[in-house]
Amino acid sequence: MKILLIIFLILKLSFAWCQVKEGSKSSYSKAKVELEVVPLKLSFNPGIYRSRLGINPALENKFNQFGAFIQLYLPFQRSLDKVESFEEKGKDSAYFGRLISIRPIALVHLTNRGGNCAGLGIELSLRLTKRFFFNPQISLVWVEANNLVSDGLRRGLNFHHYWHFSYCITNKIAVTAGFNHISNGNFLSSKPSSNYDMITTGISYVFK
C-alpha cells in the first residue's frame with residue numbers, strides 16, 4: 001500500500017510540474033495523459049540471490065545462488081508526456097519511452113533449487129534522460145516451493161518487488177540492473193512467508 005501511495009504522489013507531482021495555465025509565460029510545457037496501445041515487450045532478468053528465512057543462516061545471508069525471472073509487458077499503458085510528443089508522427093526510430101508511464105506485466109520467477117512463482121503486476125516508468133529510466137514494479141504472485149529448501153521461498157501469495165534502472169541501446173533493446181525482493185510484507189498472511197533478495201541484470205526486447 002505504501003508503494004501505491006508513493007506512485008500516486010509521484011503522478012500528482014508530475015501533473016503539477018508539467019501543466020501550465022493557458023497564456024502563461026512559464027518555460028514549462030503542457031502535459032497530456034493518454035491510454036496507448038503499444039508493442040509487446042519481453043525481458044529476461046538473471047541474478048544472484050539470498051534467502052533470509054534463517055533455515056541455514058551461514059549460507060543464506062550471502063548472494064551465492066542463481067535465480068531468474070521472465071516478464072511479459074502487456075500491450076497497453078497509461079502515459080504522461082508533453083502534448084507535442086503525442087502528436088509527432090513518423091519518429092519511431094528515435095522513440096525510447098514516455099516521460100511517465102504505467103504498464104501491466106505478467107511474470108514467471110525460478111530459482112536453482114526449484115522454487116518458483118508466477119503472477120501479475122504493474123510497472124511505473126520514469127524517464128531520467130532520453131534513454132535512461134527508473135522502473136519500480138510491484139506484482140502479486142503465487143509461490144510454489146519446498147519449505148525445507150533454503151531458497152527463501154515459501155508456498156502462498158507474496159509480493160514481487162523489482163526496482164531497476166534501464167538504458168535503451170536501441171528503440172527495441174534495453175539493458176537493466178536492479179534489486180528484487182519477494183515476501184508477503186506481513187500483510188497477505190500471518191504465517192511465515194517468503195523472504196528473498198536478488199541482485200539482477202537483464203535485457204529486454206520490444207516486438208515492434
Revision key, fill the gap. Surpassing 22 Å at the alpha-carbon level, of the pairs 32/130; 82/130; 62/191, are 62/191
Point to revise | Length released on extending from residue 108 to residue 157, taking residue separation times 0.36 nm less the Cα-Cα span | key: 16.3 nm
Point to revise | With every protein chain in place, the range 106-208: carbon and sulfur % of accessible area (1.4 Å) | key: 64 percent
Review point. Computed FRET efficiency, Cβ-Cβ of residue 177 and residue 70, R0 25 Å: what is it to the nearest 0.05?
Key: 0.90
Revision key, fill the gap. Under the Karplus relation with 6.51, -1.76 and 1.60 and θ = phi - 60°, whole-Hz ³J(HN,Hα) for the range 105-111, x at Gly and Pro, equal 9, 10, 9, 10, 10, 10, 10
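The values are calculated or read from the model by the stated rules, or taken from the named source; none is laboratory data. Only a predicted model underlies this, so the values are computations on that prediction, with no experimental measurement involved. Cβ atoms come from the backbone with ideal geometry, glycine included; neighbour counts cover every protein chain shown. These area figures cover heavy atoms from the full protein model, side chains too; ligands, DNA and RNA do not enter into them. Shrake-Rupley method; radii C 1.70, N 1.55, O 1.52, S 1.80 Å.
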